[in-house]
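The structure appears below as structure tokens.
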Amino acid sequence: MNETASLRARAEIDLAALRANVRVLRARAAGAQLMAVVKSDAYGHGAVPCARAALEAGATWLGTATPQEALALRAAGLGGRVMCWLWTPGGPWREAIEADIDVSVSGMWALREVVAAATEAGVPARIQLKADTGLGRNGCQPADWPELVAAARDAEDAGTVRITGLWSHFACADEPGHPSIAAQLALFRDMVAHAEKEGVDPEVRHMANSPATLTIPEAHFDLVRTGIAMYGISPSPELGTPADFGLRPVMTLIASVALVKQVPAGHGISYGHHYTTCAETTLGLVPVGYADGIPRHASGRAPVLVGGAVRRIAGRVAMDQFVVDLDGDEVEVGSEAVLFGPGDRGEPSAEDWAQAADTIAYEIVTRIGTRVPRVHLHATPAES
């Protein structure tokens, strides 16, 4: 038995598919650079191998949410431009500055902290000013933008920072035609124009996430930030399937069937007996559960490919396991149960699981936990 076959469960990560997806996305935004977003362990796919594969395929920036994620990329030996954007007071500003990481600044408190850290380090900080153009999360409000820009320019003149970017984020890019898209684009252009009038000369201006990269070419500017699309998942089913965009899902989640047994009619299955067999049948035990990131709210609904057929979870998902009704089929213990993947074998997709769990496919792949090892396939020598 080979090593992967002996695993209780595994997430196979197809790096060849990821590289191909990056090339497709680069072609979609041919006039812009591409940032490969590898936050949250590359959406559950493994940050360092995915970052290396993306760079090999032509990405020129890496993006993370937290500074710790960015510092981990540097610790793994990844060079080039890295940006992180989710900061809290007292964050590791100096460490990020000394690691040559671009840090996002959304307000005066952050600018004060980064200036102090840069002064202490004796190295100018690379900062990117984020504009809140309508998402209402992080970013500087238009009313506060002149103060932030002026203070950042003063710091730049003093040699403590270099303003390398101006950026924002869409609220509804996955809803083509939503009026907020045009409104946000117009406001971003105005806020960029103000900053540039005040002397800011950024290396990059960027606003496009995955859906905007795929469908809003006027939002590409100098750089696009691709997250979920890079992993072969459509940012919105309404926009099209991955195949419609020339993308291929990168993750395949597989478990090894741990038990097959025959039970009589009327047998309750799992906690609460929310499923009862209607006839004598066979059951298969799949040894993954919500501790592995399998959504409990997909109980009784989510599809799994077992024994050449797609089955539904029978009863509740437990912490470490769930059951499928094999409808009397004989399946060998140790056979593969494929929860989701690209569909080559007729297995469900992450989107199928998202629909079963009333969520989005982003959450399905990102939530797969650390008990499930990632097996990276098709790595090149440079990525190994």
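A few remarks follow.
- In the context of the full set of protein chains, the chain has a per residue accessible area of 41 Å² (1.4 Å probe).
- DSSP-defined beta bridges in the stretch 35-156 - what % are antiparallel, rounded to 5: 0
- P(r) histogram, all alpha-carbon pairs of the stretch 138-182 included - 5 Å bins from 0, percent: 5, 18, 18, 19, 14, 10, 8, 6, 2
- Per principal axis, descending, Cα span of the stretch 216-278 in whole Å: 63, 24, 20
- Listed peptides 332-344, 229-241 by packing density, highest first (mean Cβ within 10 Å): 229-241, 332-344
- The stretch 278-357 and the stretch 32-91 have Cα centres separated by 33 Å.
- The radius of gyration of the Cα set in the stretch 234-384, together with its Dmax, comes out at 16.1, 56 angstrom.
- Relative frequency of Cα-Cα separations exceeding 20 Å in the stretch 86-238, percent: 49
- Whether the stretch 74-140 is rounded, prolate or oblate, judged on the alpha carbon gyration tensor where a/c under 1.5 counts as rounded: oblate
- Distance cut-off 26 Å, percentage of C-alpha pairs in the stretch 1-131 lying past it: 32
- For the chain, the share of DSSP beta bridges that are antiparallel, to the nearest 5, is 45%.
- Note on the stretch 267-314: Rg/Rh from C-alpha atoms, Kirkwood Rh, equals 0.94.
- Cα-centre dipole for the stretch 168-323 with unit charges at Cβ (Lys and Arg positive, Asp and Glu negative), debye to 20: 920
- Sorting the segments 295-307, 52-64 by their residues' average number of neighbouring beta-carbon atoms within 10 angstrom, most packed first, yields 52-64, 295-307.
- Rounded to the nearest 20, the Cβ-based charge dipole of the stretch 194-242 about its Cα centre (Lys and Arg +1, Asp and Glu -1) stands at 200 debye.
- Computed over the stretch 312-380, the ratio Rg/Rh where both radii use C-alpha atoms and Rh is Kirkwood: 0.97
- Gyration tensor (alpha-carbon) shape descriptor, the chain, a/c threshold 1.5: prolate
The values are calculated or read from the model by the stated rules, or taken from the named source; none is laboratory data. Quick caveat: nothing in here was measured; it's all calculated off a predicted structure. Quick reminder, even Gly has a Cβ in these numbers, built from the backbone with ideal geometry, and neighbours come from all protein chains shown. Calculation scope for accessible area: heavy atoms of the full protein, side chains included, ligands and nucleic acids excluded. Shrake-Rupley method; radii C 1.70, N 1.55, O 1.52, S 1.80 Å.
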